[in-house]
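Data first, discussion second: the structure below is written as structure tokens.
The values are calculated or read from the model by the stated rules, or taken from the named source; none is laboratory data. Note that the structure is a prediction, hence the values are computed from the model and not measured. Cβ atoms come from the backbone with ideal geometry, glycine included; neighbour counts cover every protein chain shown. For the accessible areas, the whole protein counts, side chains as well, though only heavy atoms, and no ligand, DNA or RNA atoms are used. Shrake-Rupley method; radii C 1.70, N 1.55, O 1.52, S 1.80 Å.
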Amino acid sequence: MKLKEFLEANPIINNAQLAKLMYPNIKSANTKLANKLAENVSGSGKQRITDKDLKEAISVLDNLCKKIQEFKKDVV
């Protein structure tokens, strides 16, 4: 499954917030992620999700899962 498909299948995940965590040093992180997901043409070719982007997204989502598990322990 591609990142784009995963995000489309899980609309509870806010792409803008995910982008901010994936690219913390980029002011236009939301636009960067949106352009990569849409494979918009820029410069000499299409923007694409790279392996580095994918690893960063997985890291962010893993951290979210850990926080959910901690929350679950506190509530239950």
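The table for this structure:
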read-out	value
Distance between modelled label sites at Lys46 and Ile58, nm, 7 Å Cα→Cβ extension	2.2
When the stretch 1-43 is reduced to its Cα atoms, the Kirkwood hydrodynamic radius in Å	10.9
Trypsin sites (Lys or Arg not before Pro) restricted to the chain and DSSP loop, no more than 15 other C-beta within 10 Å	Lys2, Lys27, Arg48
Helix axis angle, 29-38 relative to the chain longest principal axis, alpha carbon, degrees	70
Of Lys2/Lys27; Lys20/Lys67; Lys32/Lys67; Lys4/Lys46; Lys36/Lys67; Lys2/Lys67, those spanning more than 22 Å from alpha-carbon to alpha-carbon	Lys2/Lys27; Lys32/Lys67; Lys36/Lys67; Lys2/Lys67
Nearest-20 debye value, the chain charge dipole, Cβ charges on Lys, Arg, Asp, Glu	160
Surface per residue (accessible, 1.4 Å probe) for the chain, Å²	80
